Structures are given as structure tokens and as C-alpha cells.
Amino acid sequence: VLVSAESQGRILSFEPREGSSLEKDQVVAVIDSLQLHLKKLQLATREASLLARIHTLDAQVRANQVQLENLEREKQRIDKLVEGGAATVKQQDDMQGQIEHLQAQMVALESQKASVHAERNTLEVQIRQVEDQIRRSMIRNPREGIMLSKYKEEGEIAIPGQPLYKLANMDELILRAYISGNQLSEIETGKSVTVRFDVPGGRGETSGTVSWISPSAEFTPKIIQTKEERINLVYAIKIVVPNQGSLKIGMPGEVLF
């Protein structure tokens with residue numbers, strides 16, 4: 001498995017060495033995220049300013065609501081005076097005009113509040129995006145395994161999609177083998193087979209399971225020693241082999257079935 005960076009920047013820390021055992025979710029490398037932190041701070045400052053503006057608008061709405069209640073009580077009093085001939089219709093109309101003007105102001109304030117809330121929601125989304133980019137600056141190992149190759153070092157620039165290191169799970173290895181057309185009928189997916197491999201002083205043996213059989217034939221790969229064998233048509237197969245620690249990547253093996 002090739003593990004790549006998801007953000008761009010200078011690698012501040014990349015401690016594991018080739019051959020190191022890595023745990024799942026272990027922080028393997030850290031990419032410089034100073035600019036992202038500064039951007040988050042800038043967005044947070046803007047959000048705080050918008051929040052203060054919302055509180056100010058809320059206070060204005062409450063003040064206008066109190067004023068509106070007072071005007072409505074005053075209008076009720078004038079209405080009664082008009083009925084008794086103690087006030088003029090003009091006074092009644094003026095009071096109604098003040099009420100309508102205040103109501104229009106309150107509608108405008110609510111519209112401003114909605115606009116500020118929408119702007120704040122946009123900022124919150126931007127902050128979450130920056131936080132996600134900051135999290136991606138911490139390169140976490142996707143699963144348990146051994147670091148086979150390391151392609152970057154501290155101080156170098158990480159680029160999204162560019163591999164940082166190669167990881168392999170050594171608990172199970174895949175043996176790629178080749179069989180002839182005559183042997184094809186003797187094997188099937190899921191079948192248990194015997195795998196032999198070289199060990200100091202002799203040969204080791206373990207069991208494996210056929211996980212894949214190629215649907216088409218191919219010429220024998222060049223890794224086969226003799227020219228006569230290389231011109232034969234064979235079928236590739238993959239065998240999952242449990243590893244107790246004695247198997248290594250690239251080790252030759254022999255399949256018996």
C-alpha cells in the first residue's frame with residue numbers, strides 16, 4: 001500500500017524508519033500547517049465580530065419591541081380620546097404613522113439579522129474546512145504493517161497524491177504463482193495448498209489458500225529461468241499465505257496441490 005499526503009507543505013516530522021512496525025492510526029508524519037492555523041484564527045475573528053453584531057441587532061429589536069408596545073398603548077389612549085372628542089383625528093393618524101414606521105424598522109432589523117446569520121454560517125463551514133485540512137496535515141497510518149520504503153524525509157515538501165512511504169501487512173503475504181493449462185482443473189478458488197520456501201539449512205513448509213485464478217492465459221514471465229519454460233502459456237494464481245514471521249517479501253516459493 002502506498003500512503004500519500006493529503007495536503008501540501010514542508011514535512012516537519014517523519015520519524016519512522018524503513019522496517020519499522022506501524023500501528024493503525026499512528027501519526028507517522030506532520031506537515032507544516034501554520035498558514036492554516038492563521039487562516040482559522042482570521043476566520044474565528046470575523047465570526048466573533050459577526051456574533052457581536054448579532055447581539056447588537058438583538059438588543060435593537062428588543063428596544064424597538066418595548067417602544068412599539070408603548071406606542072400601541074398610547075394609540076389606544078388617543079383612540080378613546082378621539083371617541084370622546086378630546087383628541088383630533090390628526091393625532092390619531094400621527095400615532096399610527098409612528099407605529100408603522102417602527103414596525104418597518106423592526107422588519108429591516110430582522111432582515112439584517114438573517115443576513116448576518118447566513119454570513120456566520122458560511123464562516124463556520126469555512127472554519128470546519130480549515131480544521132479538516134489541519135487534521136489532514138497529520139499523516140496517520142491507515143492500518144497495521146511494516147514500512148517497506150520511505151520516499152520523503154523531514155524538510156522536504158509533501159504534495160497531495162505523492163507517496164510518502166510504502167506499507168505492507170506482514171501477517172499475510174500473497175504468493176503469485178503460475179500453473180499450466182493441464183493443472184487448471186486441479187485447482188479452484190478457496191482451495192488449500194502447500195507452500196514451500198527456503199529457510200537457513202533447508203526448506204520450510206506452510207499452508208495457503210488460493211484467492212484468485214487468472215481467467216486468461218499468458219506467456220510464462222521472464223523470472224522463470226529457462227527459455228523453454230518461458231514460451232509456455234500459463235495461468236497466474238494468487239495464494240494467501242499466513243506469515244508467522246519467517247516469510248519475507250520477494251522470497252521465492254513453491255506450490256504443491
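Read the figures in this text as sums done on the coordinates, not as results from a lab. As the structure is a prediction and not an experimental result, all values here were calculated from the model. Neighbour counts run over all protein chains shown; Cβ positions are idealised from the backbone, glycine included.
If R0 equals 35 Å, the separation of the Cβ atoms of Q112 and Q35 corresponds to a calculated FRET efficiency of about 0.60.
A prolate overall shape is assigned to segment 1-56, the ratio a/c of its alpha-carbon gyration tensor axes (a ≥ b ≥ c) being 1.5 or greater and a/b exceeding b/c. In this rough spin-label picture, where each label sits 7 Å from Cα along the Cβ direction, the Q8-H101 distance is 5.8 nm.
Compute the Cα gyration tensor for segment 112-257, then decide on rounded, prolate or oblate, letting a ≥ b ≥ c be the square roots of its eigenvalues: rounded whenever a/c is under 1.5, prolate when a/b is larger than b/c in the other cases, and oblate in all that remain. Prolate is the answer for segment 112-257, as a/c is 1.5 or above and a/b outweighs b/c.
In the chain, Cα pairs under 8 Å separated by at least six residues give a relative contact order of 27 percent. Annotation: extensible slack from S246 through I146 equals 34.6 nm (criterion: 0.36 nm per residue apart, minus Cα-Cα distance). Taking 0.36 nm per residue of separation and subtracting the current Cα-Cα distance, fully stretching the chain between V61 and L233 would add 53.5 nm. Cα convex hull, the chain: 241 Å³ per residue, rounded to a whole number. Computed from backbone phi, the HN-Hα couplings of segment 201-215 come to x, x, 10, x, 9, 8, 9, x, 10, 5, 9, 7, 10, 4, x Hz, rounded to whole numbers (Karplus: 6.51 cos²θ - 1.76 cosθ + 1.60, θ = phi - 60°; Gly and Pro given as x). Note that segment 75-157, at 37 °C in a medium of 0.692 mPa s, gets a Stokes-Einstein diffusion coefficient of 167 µm²/s from its Kirkwood radius over C-alpha pairs.
Measuring nothing but how far apart in sequence close Cα pairs (under 8 Å, 6+ apart) lie, relative to its length, segment 1-111 scores a relative contact order of 20 percent. Computed from backbone phi with θ = phi - 60° and the Karplus coefficients 6.51, -1.76 and 1.60, the 3J(HN,Hα) list for segment 57-64 is 5, 4, 5, 5, 5, 5, 5, 5 Hz; x is used for glycine and proline. When the listed pairs K80/K113; K166/K238; K39/K113; K39/K152; K40/K150 are checked against a 30 Å cut-off, the alpha-carbon distance exceeds it for K80/K113; K40/K150. Computed over the chain, the per-residue total of -39500 (n - 2.57) for DSSP H runs of n ≥ 4 gives a 222 nm mean residue ellipticity of -14500 deg cm²/dmol, rounded to 500.
Shape analysis of segment 7-102 yields a ratio of the Cα radius of gyration to the Kirkwood radius, Rg/Rh, of 1.62.
For the pair Q42 and L68, a Förster radius of 45 Å applied to the C-beta separation gives a FRET efficiency near 0.70, rounded to the nearest 0.05.
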